[in-house]
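The values are calculated or read from the model by the stated rules, or taken from the named source; none is laboratory data. Here the structure is a predicted model, which is why all the values come from computation and not from measurement. Cβ atoms come from the backbone with ideal geometry, glycine included; neighbour counts cover every protein chain shown. These accessible areas exclude ligands, DNA and RNA; they are computed on the full protein's heavy atoms, side chains included. Shrake-Rupley method; radii C 1.70, N 1.55, O 1.52, S 1.80 Å.
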Amino acid sequence: MSGQPRFVSPFHRPRCLAAAAAAPAGKAKFTHPGKAILAGGIAGGIEICITFPTEYVKTQLQLDEKANPPKYRGISDCVKQTVNSHGVRGLYRGLSSLLYGSIPKAAVRFGVFEFLSNKMRDETGKLDSKRGFLCGLGAGVAEAVVVVCPMETVKVKFIHDQTSANPKYRGFFHGVREIVRTEGLKGTYQGLTATVLKQGSNQAIRFYVMTSLRNWYKGDNPDKAINPLITGTFGAFAGAASVFGNTPLDVIKTRMQGLEAHKYKSTLDCAVKIMKHEGPKAFYKGTVPRLGRVCMDVAIVFIIYEEVVKVLNVVWKTD
């Protein structure tokens with residue numbers, strides 16, 4: 001009868017209610033910033049131990065100014081001369097400074113990225129590529145100021161010091177102490193502007209590419225799992241894009257942090273002098289070894305990061 005209330009079975013809900021109840025299942029999962037900090041630190045430490053020799057060669061080639069004349073004829077010659085003079089361990093000179101910095105660097109990077117991205121995702125939890133670019137930019141600037149600039153300055157001074165007839169730094173802590181004693185704390189912040197530009201653009205490009213590729217791969221299913229090999233491939237593409245996009249900034253940053261940084265009055269002055277005395281090709285010195293290192297770097301870091309986060313999601317409940 002029309003005057004009696006109609007019984008509705010709980011198993012036959014209206015279609016709109018059923019869709020609303022099912023919606024949360026399709027929402028992308030957020031990563032807690034605390035997990036990102038821990039996973040990023042672990043990933044950064046492992047990665048640098050694997051790829052440091054390529055960083056060493058890249059830095060030596062960038063410091064090898066054409067006007068000197070150059071000491072090295074190329075990548076293989078740099079490796080050969082280093083091994084002949086200092087043994088295989090010579091390729092790891094400066095590793096300690098980079099290792100001490102790589103752990104907090106990656107921790108800050110991923111922690112800040114996840115913090116920003118969690119606030120910029122849409123109602124379904126999806127982060128589009130443009131917002132991924134902005135989050136990556138913020139992460140890059142944060143890691144540059146907090147960790148990268150002092151770490152890179154010490155690393156470059158260590159590597160450059162090895163080319164001297166009488167190296168003056170006996171180790172990481174001795175080197176840091178000597179730099180601070182003779183130049184003050186600002187001695188570990190040489191090339192800050194160039195470092196901020198480099199790291200900001202680095203992470204903006206990398207996270208833009210990673211976000212774009214992940215969104216493309218997952219399509220309409222935000223819960224779709226990504227195989228570690230695919231993550232690594234995406235990371236290698238992201239790394240390559242950042243190398244071609246900002247190697248000139250990396251060259252300027254390296255020159256501003258070397259032992260002869262006093263020759264330059266500013267970041268702009270450094271760029272002008274490189275162009276004037278060495279030509280535009282000098283801005284891409286060390287591109288090949290940097291390309292090899294960065295592609296491995298980004299691929300390894302993203303693989304390890306994603307896998308560590310999966311483990312943390314099991315043992316550390318934050319929802």
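Could you list, bin by bin from short to long, the percent of Cα-Cα pairs of the range 190-260 in 5 Å steps?
3, 17, 21, 17, 13, 11, 8, 6, 3, 1, 0
Suppose every K and R has +1 on its Cβ and every D and E has -1 on its Cβ; what is the size of the dipole of the range 232-279 about the Cα centre, in Debye to the nearest 20? Don't skip to the answer; put the middle values down first.
Numbers: 6 positive and 4 negative charges, 34 e Å.
It comes to approximately 160 debye.
If you average the alpha carbon positions of the range 112-149 and of the range 245-272, how far apart do those two centres end up, in angstrom?
If you average the Cα positions of each part, the centres end up 27 Å apart.
State, as an integer percentage, the relative contact order of the range 52-209 based on alpha-carbon contacts under 8 Å between residues 6 or more apart. Provide the component values of the computation, followed by the final result.
Values: 175 pairs, mean separation 43.1, N = 158.
Normalised by residue count, the contact order of the range 52-209 is 27 percent.
Rolling a 1.4 Å sphere over the protein heavy atoms, what is the accessible area per residue of the range 94-315, to the nearest Å²?
Values: 9870 Å² over 222 residues.
On a per-residue basis, 44 Å².
For K71 and K119 in the same chain, what is the full-extension length gain: residue separation times 0.36 nm, less their Cα-Cα distance, in nm? Walk me through the intermediate numbers first.
Values: separation 48, 0.36 × 48 = 17.28 nm, distance 4.99 nm.
12.3 nm is the gain from fully extending K71 to K119.
List, in the order given, every pair from K126/K253; K253/K310; K130/K218 whose Cα-Cα distance in the structure shown is over 29 Å.
Listed pairs above 29 Å: K126/K253; K253/K310.
If each residue of separation counts as 0.36 nm, what is the full-extension length gain between V288 and V314 once their alpha-carbon separation is subtracted? Walk me through the intermediate numbers first.
Numbers: separation 26, 0.36 × 26 = 9.36 nm, distance 3.98 nm.
Residue separation times 0.36 nm, minus the Cα-Cα distance, leaves 5.4 nm.
What percent do you get for the relative contact order of the chain when only Cα pairs under 8 Å and 6+ apart count? Working shown, then result.
On the way: 439 pairs, mean separation 79.3, N = 319.
Reported relative contact order: 25 percent.
Give me the distance in nm between label points sitting 7 Å out from Cα along the Cα-to-Cβ direction at K186 and K80, one decimal.
4.4 nm
For a quick protection proxy, order the peptides 115-121, 71-77, 247-253 by their average other-Cβ count within 10 Å, most packed first.
Answer by packing, highest mean first, reads 247-253, 115-121, 71-77.
What's the ranking of 268-277, 190-199, 41-50 by average number of surrounding C-beta atoms within 10 Å, highest first? Can you show the working numbers first?
Working: 268-277: 14.5, 190-199: 23.7, 41-50: 20.4.
Highest-to-lowest ranking by the protection proxy: 190-199, 41-50, 268-277.
Below 8 Å between Cα atoms, with a sequence gap of 6+, how large is the relative contact order for the range 94-183 in percent? Don't skip to the end; give the middle numbers.
Values: 62 pairs, mean separation 33.0, N = 90.
In percent, rounded to a whole number, it is 37.
Using +1 on the beta carbon of Lys and Arg, -1 on that of Asp and Glu, and nothing else charged, what's the dipole of the range 94-315 about the Cα centre, debye to 20?
I would put it at about 600 debye.
Could you list, in their original order, any pairs among K29/K198; K155/K198; K105/K317; K35/K119 whose Cα atoms are separated by more than 19 Å? Please report the intermediate quantities before stating the final value.
Values: K29/K198 30 Å; K155/K198 16 Å; K105/K317 25 Å; K35/K119 16 Å.
Violating the 19 Å Cα-Cα cut-off are K29/K198; K105/K317.
In nm, what is the difference between 0.36 nm times the number of residues separating L268 and A225 and their Cα-Cα distance? Spell out each step's value before the answer.
On the way: separation 43, 0.36 × 43 = 15.48 nm, distance 4.52 nm.
Between L268 and A225, full extension yields 11.0 nm more.
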